[in-house]
Amino acid sequence: MIPIRWAADTIIRSGHMRMFTPSSAIDAGEFYQHDIEFFSKHPKRTMFIREVGAKEFENGFEWSLKLNLQQAYSGLPKLWSLVFGDETLYFTVPVYRGSQFFPVTMCRSLMVANVSSDRATRILLAEMDSRGGIDSEAFEQWRKMFQEAAAFHSQGSLKSKVN
């Protein structure tokens with residue numbers, strides 16, 4: 001039987017969307033400052049796409065650390081998020097995994113899709129959707145490399161236990 005938590009889960013509870021308010025500045029630090037700065041500089045914008053910061057949405061990194069696979073894990077294709085709202089209340093949602101196929105600019109050490117309007121952001125989201133939300137080829141290459149690294153690690157662990 002499926003636990004009720006999974007049957008009744010929401011996008012926020014599952015960790016696939018984050019909500020930020022001014023009180024988030026303490027916990028979210030750099031991400032919060034980055035996003036607030038973007039909204040302040042672009043007062044007519046209500047959304048933008050940026051790369052996800054370290055440990056913002058990624059899961060599995062702690063597991064890879066324990067297995068000494070962090071170098072292989074770090075090759076995971078980049079994750080991009082949609083940031084929407086305003087400088088008082090906004091949300092972030094992961095929307096694409098892969099290298100950018102769109103122009104980018106740097107803002108506070110994070111890449112941001114270099115588009116001029118919310119409409120252009122929606123068009124970019126539609127293109128991400130048409131690609132299935134992922135660069136399948138890049139992700140498959142990473143998956144194979146990570147599996148090989150995990151297998152190599154497992155073989156090493158077994159040899160050290162036998163000796």
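The values are calculated or read from the model by the stated rules, or taken from the named source; none is laboratory data. Note that the coordinates shown come from a computational prediction; the quantities given were computed from them, not determined experimentally. Note that each Cβ is placed from the backbone with ideal geometry, even for glycine, and that neighbours are counted across all protein chains shown. Accessible surface is based on the protein model in full, side chains and every heavy atom, while ligands, DNA and RNA are left aside. Shrake-Rupley method; radii C 1.70, N 1.55, O 1.52, S 1.80 Å.
Between Phe101 and Glu56, residue separation times 0.36 nm minus the direct Cα-Cα distance comes to 14.0 nm.
Atom-type composition of the exposed protein surface of region 71-154 places 54 percent of the accessible area on carbon and sulfur (1.4 angstrom probe). Available extension along the chain between Met17 and Ser74 is 18.3 nm, counting 0.36 nm per residue and deducting the alpha carbon span. 3J(HN,Hα) along region 92-99: 10, 9, x, 10, 7, 10, x, 5 Hz, from the Karplus curve 6.51 cos²θ - 1.76 cosθ + 1.60 with θ = phi - 60°, whole Hz, x for Gly and Pro.
The Ser117 and Ala150 beta-carbon pair, evaluated with R₀ = 35 Å, returns a calculated FRET efficiency of approximately 0.20.
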